[in-house]
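*Asks:* This is the structure I want to talk about, given as structure tokens.
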Amino acid sequence: MIWKKLNQQISFVGKCVLIEDNFENVKEHKLTNRRIKKRILILGDVHLGYGNESMNFLPNVIFQETLEDLGRILDALGKVDIVVLLGDVKHYFGGILDQEWREARKFFALLKKFSGRIVIVKGNHDTILEPISREFGLELKNYLILKKYGFFHGHEMFGELLEKGIEILL
């Protein structure tokens, strides 16, 4: 697995990005008096259901590989404070296919083992995502701002991301 540090706060871990930074409500560790950094794992364009729309009876090899890769990344990282999904969580535009539901159950069960907070930033494929977010207790947003970081999918720009002192857009 590739683990490359881009700067003090941002690393590439496999096909994901990891941010380790001091965010709001920063606490100091009781023994070391060091600031405790929050860890945010970022994934983009998962496209649950992709590659199997017409062959629902076959196992989705693309999804299995994605799940295995993500499992290795999470095993290497351990717990993270927040997982941010940067849009296109599912593939089909017109509803939620059975295949997407099946894959969502496995995908979010894995993520929830490693993080108590999962935020989905909606992408252009995520026209109908509310039932999935409710089912799995996920936050659903058009964009997300955490300290100096702004998260959005990229198919649409939000003025707030340019007005609030955001230094890094993802």
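The values are calculated or read from the model by the stated rules, or taken from the named source; none is laboratory data. Please read all numbers here as calculations on a predicted model, not as lab measurements. Neighbour counts are summed over all protein chains in view; Cβ atoms, including those assigned to glycine, are modelled from backbone coordinates with ideal geometry. To get the accessible areas, we keep the full protein, side chains included, count just its heavy atoms, and leave off ligands, DNA and RNA. Shrake-Rupley method; radii C 1.70, N 1.55, O 1.52, S 1.80 Å.
*Asks:* For the list (1) surrounded by fewer than 19 Cβ atoms within 10 Å (Cβ to Cβ); (2) out of contact with any Asp or Glu (no Cβ under 9 Å at 6 or more places or on another chain), I need the number of the one condition that residue 83 fails.
*Replies:* Unmet condition: (1).
*Asks:* Quickly run through the stretch 22-49 and pick out the residues that are acidic (Asp, Glu) and either modelled with pLDDT of 85 or more or closer than 16 Å to residue 86 by Cβ (or both).
*Replies:* Initially, the stretch 22-49 is screened for residues acidic (Asp, Glu), giving 24, 28, 45.
If the condition is that a residue be acidic (Asp, Glu) and either modelled with pLDDT of 85 or more or closer than 16 Å to residue 86 by Cβ (or both), then 45 is the only one that fits.
*Asks:* A follow-up question, please. Do we find that residue 10 is within 23 Å of residue 151 (Cα to Cα), surrounded by fewer than 19 Cβ atoms within 10 Å (Cβ to Cβ), modelled with pLDDT of 80 or more and of a type in the set (A, V, I, L, M, F, W, C) in this structure? Talk me through it step by step, then tell me what you get.
*Replies:* Details: within 23 Å of residue 151 (Cα to Cα): yes; surrounded by fewer than 19 Cβ atoms within 10 Å (Cβ to Cβ): yes; modelled with pLDDT of 80 or more: yes; of a type in the set (A, V, I, L, M, F, W, C): yes.
Yes: the conditions hold for residue 10.
*Asks:* Do any residues in the stretch 125-137 that are under 15 Å from residue 98 (Cα atoms) have Cβ atoms under 9 Å from those of residues that are β-branched (Val, Ile, Thr), where the two are at least six apart or on different chains, and which pairs are they?
*Replies:* These pairs meet every condition: 128/96; 129/89; 129/96; 129/120; 131/96; 132/89; 132/96; 132/120.
*Asks:* Which one of these does residue 52 not meet: (1) assigned to a loop (DSSP other than H, G, I, E, B); (2) modelled with pLDDT of 55 or more; (3) open to solvent by 30 Å² or more (accessible area, probe 1.4 Å)?
*Replies:* The number of the failed condition is (3).
*Asks:* Right, next: What helices (runs of 4 or more DSSP H) completely inside the stretch 80-170 contain at least 2 residues that are modelled with pLDDT of 80 or more and touching a helix residue (DSSP H, G or I) at 6+ places or on another chain (Cβ under 6 Å)?
*Replies:* Numbers: elements: 98-114, 130-136, 160-163.
Passing ranges, in order: 98-114, 130-136.
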